[in-house]
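Any read-out appearing in this document is the output of simple, stated calculations on the displayed coordinates, not a laboratory observation. Everything numeric in this text was worked out from a predicted model, so none of it was measured. Please note: Cβ atoms are built from the backbone with ideal geometry, for glycine as well, and neighbour counts cover all protein chains shown.
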Amino acid sequence: MSVTKEHSERLRREDVRQRWLLSVPALITIILFAAGPLLVVLLFSFMERGDYGGVKFGQFSLEGWISVVFTKDIFDDSLILAEANLSIFWRSVKLALLTMIGALLVGFPTAYFIANRPASDRNLWLFLITIPFWTNLLVRTFAIMDLIRNTGHINRTLMSLGVIDEPIQMLFTDGAVLFGLVYVYLPLMVLPIYASLEKLDHRLVEAGYDLYANRFQVLRHVVLPGCKPGIIAGCILVFIPAIGAYVTPRVLGGGKNMMMGNFIEQQFGPARNWPLGSALSITLLIIVMVLLIAYVRQDAKKGDTDAQ
Amino acid sequence: MPSKVKSFNLRRMPGFTPIALAIFVILYAPIVSLVVYSFNSESSVGVWGGWSLRWYVSAWNNEAIQRATLNSIQIAIISGAAATVMALMAALAMTRTRPYRGLTTKYALLNQPLMVPEIVTGVALLIVFARIKVWTGYTGPAYIFLAHTAFCIPFAYLPIRARLIGMDLTYERAAADLYAPPWATFRYVTLPLLAPGALAGFLLAFAISLDNVVISEFVKSGGQDTLPTYMLGQLRRDMTPEVNAAATVLLVISILAVSVFFVFNRKKN
Amino acid sequence: MKPETDFKTPSVAAEGIVKDFGTFTALKRVDLTIDQNEFFTLLGPSGCGKTTLLRLIAGFEAPTEGEIKLMGENIATLPPFKRSINTVFQNYALFPHMTVSENIGFGLKMLGKPRAEIAARVDEMLALVKLQDFAKRRTGQLSGGQQQRVALARALAPSPRVLLLDEPLSALDYKLRKEMQVELKRLQTETGITFIFVTHDQEEALTMSDRIAVMSAGEVLQVGDARAIYDRPANRFVADFIGEANFLEGRVESREGTQHRVALAGGTLAATGDVPVDPGAAVTVMIRPEHVQIVAEKTEGGLPALLERTVFLGTDTHYYLRMQDGAEFIAREQNRSATVTPFAPGANVHIMVDAQSTRLLRD
């Protein structure tokens with residue numbers, strides 16, 4: 001009897017040990033070169049600022065965190081709100097929200113369009129939507145820059161048609177950044193909405209029409225509620241990378257239209273304020289984590305209703 | 001048309017199709033324009049002077065572009081392969097099992113690079129590597145390789161995990177039932193069945209590594225530019241069609257990798 | 001290893017097997033012996049533990065307690081690849097990246113047999129399951145029935161001592177299932193290998209098995225041949241699970257050996273039980289619908305009943321009756337001639353059963 005018991009216990013332990021061993025290389029790599037360094041960032045955010053970049057080790061300071069929102073008055077050292085910083089935060093949140101809304105407005109019809117293609121064609125359309133997403137983000141952003149710059153095709157065409165006399169300044173505006181963000185993150189909106197639209201029972205739509213609903217009413221009362229989880233997922237998935245964007249605002253926004261990502265980079269570059277940069281990084285990280293937890297919760301809730 | 005009666009199309013929503021089609025056009029227009037103008041014989045951007053390979057030749061002869069391109073591809077292959085092997089091992093350890101202690105933590109950790117904004121990972125690595133560079137004096141390419149491997153792991157993991165989950169454990173049971181010891185089961189059954197997933201994982205990791213600019217930018221030492229960081233560095237100057245040509249090459253490589261990925265991923269269905 | 005000529009040793013013996021999954025107990029102390037060259041069936045509803053028992057014998061799970069013996073040797077701690085037992089899986093589990101031949105030869109290859117021997121054995125197996133023309137095909141290109149045959153050939157190729165079959169026919173359509181039942185029985189007789197067959201389908205079990213073990217909720221309720229299980233069920237669950245049955249509640253009036261007289265609502269019946277039950281005890285009498293005769297007149301030994309509904313089904317007529325105590329009762333009569341006029345609903349009738357066809361159950 002006890003031989004059998006011991007044996008089954010040993011099998012279980014062996015299995016667990018083997019599973020741990022196999023996952024070690026990946027976990028170590030991520031701990032050392034992705035997750036672990038975040039703790040160092042947290043540590044640095046509480047250090048005294050170094051004179052030429054870096055930090056003064058062992059010198060604890062809240063300066064980095066304070067200067068996230070405050071700045072010292074030049075005359076009397078009193079703390080006043082740092083309007084420049086706040087305007088960057090505001091721009092980041094505003095642009096991320098607008099990106100989310102913009103992506104939803106064009107992404108929903110696109111997802112609906114794909115979901116209502118014949119089953120054999122859907123994969124091709126999905127492929128067309130995802131291809132740009134997996135291909136070089138920088139190259140795509142450059143391509144947009146190329147189109148909208150003052151000497152770009154759009155301005156040239158408009159000028160040669162006589163619509164305008166002088167090039168419209170599109171590059172280096174918030175609008176350009178917004179357009180670029182929607183452009184690069186649109187697939188993140190389309191895919192989850194498509195997934196829930198595809199699962200939507202089409203007989204519900206038929207039932208809606210059968211019960212005298214018109215197209216708009218069917219959309220409003222049947223289709224939209226049916227794919228609400230997909231819409232929420234899409235919104236969160238777009239908002240997260242948008243608020244942490246770095247490349248798009250740098251290429252399309254230029255030096256003035258910074259978002260948080262660029263502001264952080266500046267602290268490690270010309271501004272040489274590593275504690276502030278670290279504190280900003282942690283702030284961004286917390287925003288993203290909170291949203292991700294909301295997303296996971298939403299996802300779990302969706303699973304619950306699926307099970308019922 | 002044999003019948004004039006127009007049946008009510010249940011699936012149509014007014015305006016949706018034009019919006020969707022416009023989106024597809026807008027999605028591809030900048031890319032197509034970039035590619036087409038990389039073949040322009042004129043040196044001024046925006047003036048079409050006929051087809052030519054002139055800028056490709058000149059990009060190839062530009063030592064900085066050439067080195068950055070080769071560097072990018074080398075990193076993508078090595079880091080992609082390393083990430084795939086690690087992701088494969090991790091997937092074997094973390095799928096098709098009853099929940100065990102630490103599994104959720106492992107899963108969260110493995111997907112961690114997906115969740116953190118690149119800029120944050122970038123500065124974190126900058127801080128840590130700057131220290132290590134001072135301590136060890138080593139400033140070689142290992143930093144970029146390791147950083148890329150780390151953030152490629154979750155991408156390689158995705159298709160491998162999907163394939164494993166779709167793969168019934170009874171295949172391995174059947175092999176064990178037919179006298180195959182564990183290593184033979186892995187060699188003759190698990191690995192061959194997993195191969196398309198592993199290849200898909202590698203291609204995805206490859207494309208992601210090739211795509212990366214933020215982390216490379218923070219991790220690279222002098223002279224270690226990848227093509228994306230080189231392009232970013234050229235931003236201040238006037239865009240030359242050479243950069244367009246190099247960008248097109250990068251684009252074609254990624255699209256190829258992703259297309260092959262899709263083919264392999266679809267085969268499983 | 002025991003000598004081959006020892007036919008007395010059970011092929012497989014499960015002794016005191018307990019299997020827990022966390023807090024759930026899948027098997028509660030199961031004891032079974034399966035003879036050599038036997039077609040043995042584990043029958044029960046889903047979740048009764050039959051598949052778990054099969055997986056323990058195959059070695060995919062380790063028992064929490066107890067021993068599993070193969071030809072007298074305890075194999076409970078051996079991994080599956082060291083047991084001379086092969087399995088035909090429910091969904092066949094044919095390796096999709098190998099041809100039919102490679103699938104069939106896989107076990108022999110793993111046993112390190114020479115190439116020529118494997119090839120010869122594969123051909124032999126292909127002939128046995130009549131798939132010679134499909135040797136080079138991928139398994140995905142085969143029909144369900146063909147896949148089933150490949151799975152059989154693959155499991156039989158290494159000449160195991162025991163073949164385990166986990167609901168292998170459930171994925172096939174009705175006609176194919178019938179054919180495969182005959183085929184399985186043929187293969188078992190030809191190869192002389194012990195077959196342990198798991199199913200929830202009573203008809204399958206009755207058709208093929210030498211003996212059947214009826215399981216429910218992790219326990220073996222009865223082991224016996226088809227007749228024993230059907231005609232002399234050990235308890236109400238077995239009686240109800242296999243075939244249709246009527247159950248009448250009553251009290252033992254008198255007994256003579258295992259022959260009892262049972263008082264029921266409206267009269268008494270003679271009933272046979274396995275063990276003597278003392279007068280006065282509450283019992284259940286089980287009666288199969290086809291063993292009942294319906295008569296219009298009150299006769300000696302008949303029970304009064306009200307005929308509520310008559311359903312004509314071509315070969316049979318079904319009578320839905322209500323007994324005096326309100327119990328429902330179903331009787332089935334064969335339509336022996338085209339001129340038979342069935343009783344009309346609303347009639348007061350009497351049901352007759354002979355003493356050998358009634359079964360006394362004690363729960």
How do C:309, A:250, C:227 rank when sorted from fewest to most other Cβ atoms within 10 Å of their own Cβ? C:227, C:309, A:250
Coarse-grained scattering of region B:41-177 at q = 0.08, 0.13, 0.15 Å⁻¹, given as base-10 log I(q)/I(0) from a Debye sum over alpha-carbon atoms: -0.40, -0.80, -0.92
If the reach is capped at under 20 angstrom between alpha carbons, list the aspartates and glutamates near residue A:199, excluding any in the same chain fewer than eight residues apart. A:121, A:299, A:304, A:306
Cα-derived Rg over Rh, computed across region B:150-194 with Rh taken as Kirkwood radius: 1.10
Ratio Rg/Rh [Cα only; Rh per Kirkwood] for region B:144-245: 1.24
Can you give the relative contact order of region B:63-268 as a percent, counting alpha carbon pairs under 8 Å and 6+ residues apart? 36
Let me know the Rg and Dmax you get for region C:18-140 when you use only its Cα atoms, in Å. 17.4, 50
FRET efficiency for residue C:31 and residue C:159, Cβ-Cβ distance as r, R0 = 25 Å, nearest 0.05? 0.35
For residue B:186 and residue B:107 in the same chain, what is the full-extension length gain: residue separation times 0.36 nm, less their Cα-Cα distance, in nm? 26.2 nm
Can you put C:175, C:82 in order, fewest other beta carbons within 10 Å first? C:175, C:82
Zone residues, region A:204-244, relative to residue B:11, backbone N less than 15 Å from point 7 Å out along Cα-to-Cβ: A:204-206
For region C:204-363, go through all pairs of different Cα atoms, get the mean of 1/r, take its inverse, and jot down that Kirkwood value in Å. 16.6
Region C:141-214: proportion of alpha-carbon pairs further apart than 15 angstrom, %: 52
To the nearest 500 deg cm²/dmol, what mean residue ellipticity at 222 nm is calculated for chain C from DSSP H runs of n ≥ 4 alone, each contributing -39,500 (n - 2.57), summed and divided by the residues? -7000 deg cm²/dmol
Using only Cα atoms, what Kirkwood radius does region B:63-268 have, in angstroms? 18.6
Taking every pair of distinct Cα atoms and averaging 1/r, then inverting, what Kirkwood hydrodynamic radius in Å comes out for chain C? 23.2
Net lengthening on full extension, residue A:32/residue A:169 (0.36 nm per residue, minus Cα-Cα): 44.8 nm
Flagged as over-length at 24 Å C-alpha distance, from B:106/C:82; A:5/C:28; C:109/C:130; C:8/C:69; C:130/C:175, the pairs are B:106/C:82
If unit charges are put on Cβ atoms (+1 for Lys and Arg, -1 for Asp and Glu) and the dipole of the protein assembly as shown is taken about its Cα centre, the option from A:27, A:243, B:241 lying farthest towards the positive end turns out to be B:241
Kirkwood Rh over alpha-carbon pairs of region C:299-363, then Stokes-Einstein at 37 °C and 0.692 mPa s: what D in µm² s⁻¹, rounded to an integer? 251
What Rg and what Dmax come out for chain A when only alpha-carbon atoms are used, in angstroms? 25.5, 94
Length gained when the stretch residue C:232-residue C:254 is fully extended (0.36 nm per residue, less Cα-Cα span): 5.9 nm
Chain C: relative contact order from alpha carbon pairs under 8 Å, six or more residues apart, as a whole percent, is 15
Average projected area [Cα convex hull, the protein assembly as shown], square nanometres: 58.9
Cut-off is 10 Å between beta-carbons; in what order do C:61, B:42, B:63 appear when sorted fewest neighbours first? B:63, B:42, C:61
How large is the direction-averaged shadow of the alpha-carbon convex hull of region A:2-80, in nm²? 9.6
Which Rg and Dmax, in Å, describe the Cα atoms of region A:23-182? 23.6, 71
Here, residue C:299 and residue A:294, labelled 7 Å along Cα→Cβ, have an inter-label distance in nm of 8.1
Per residue of A:160-169, what is the mean number of Cβ atoms on other protein chains within 10 angstrom of that residue's Cβ? 0
Across peptide B:188-194, what mean number of C-beta atoms from other chains lies inside 10 Å of a residue's C-beta? 3
Two pseudo-spin positions, 7 Å from Cα along C-beta at residue A:160 and at residue C:116, lie apart in nanometres by 8.0
If you find the alpha carbon centre of region C:214-272 and of region C:29-51, how far apart are they in angstrom? 22
Computed over region A:83-272: relative contact order in percent, which uses C-alpha pairs under 8 Å that are six or more apart: 33
